[in-house]
Each structure stands twice: as C-alpha cells, then as structure tokens.
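Every number here is computed from the coordinates shown, using simple stated rules; none is lab data. This is a predicted model, so every value here is computed, not measured. Neighbour counts run over all protein chains shown; Cβ positions are idealised from the backbone, glycine included.
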Amino acid sequence: MPVYDMWCPECGNKRFDKYFRNMRDRQAYECEICRVQMLPMIPRRMMIIMDSTCEGYDEVLNTHLRGNTHRKEVMKEQGLVERNSTALGRTDRGKWV
C-alpha cells in the first residue's frame with residue numbers, strides 16, 4: 001500500500017508519510033485535533049505535471065496557454081464549451097453531436 005500525506009480540510013492539520021494497510025483505514029483516518037476525516041494530499045509537483053499537458057500556443061483560442069486550467073479559463077471567457085463535456089444528444093439528422 002502506498003504512503004500518503006494527509007491533511008484536514010477543517011483545521012489544516014497535516015500528517016506526512018502515513019501508511020495504511022487498506023483503503024478503508026485511509027478513509028477512516030481522522031484528525032487528532034477536530035475529529036474530521038483527513039484527506040490525502042496530491043503533491044504540488046504532481047499537479048504541475050498534470051496541468052502542463054495543454055501548454056503552448058492555441059490557434060483556435062488565439063492565445064498562449066499556460067496549462068489545462070488556463071485553457072478552461074480562456075474558454076469560459078470566450079463563451080466556449082468543451083465538446084466532450086456536453087451531454088450527448090441526437091440531432092434532427094439522427095447523428096450524435
């Protein structure tokens with residue numbers, strides 16, 4: 001089982017390098033201060049790696065993107081919606097949109 005860094009969303013308490021035997025133990029882990037369920041932290045480096053997949057100049061949006069989060073912000077400002085994020089529906093021609 002992997003080792004987790006845990007944090008409390010209520011008080012901000014952090015526990016580093018916590019080992020759990022199974023997922024049930026991890027989900028039941030509570031903060032010693034306020035007795036709220038602690039959540040696993042995603043390392044900041046991992047978030048940077050995940051966000052950098054959409055980095056570079058986008059010809060359609062006509063801007064240089066700094067990451068996936070920035071792309072979503074630019075699309076929202078321009079009133080655009082991602083094609084795969086809308087619910088699938090049928091057009092009057094019988095094709096999927």
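Summary of computed values
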item	result
Estimated distance in nm for a label pair at Leu39 and Asn62, the labels positioned 7 Å out from Cα along Cα-to-Cβ	3.8 nm
Extension gain (nm, one decimal) between Arg24 and Glu77, 0.36 nm per residue minus Cα-Cα	14.9 nm
Mean Cβ count within 10 Å, highest first, over the residues of peptides 65-78, 12-25	65-78, 12-25
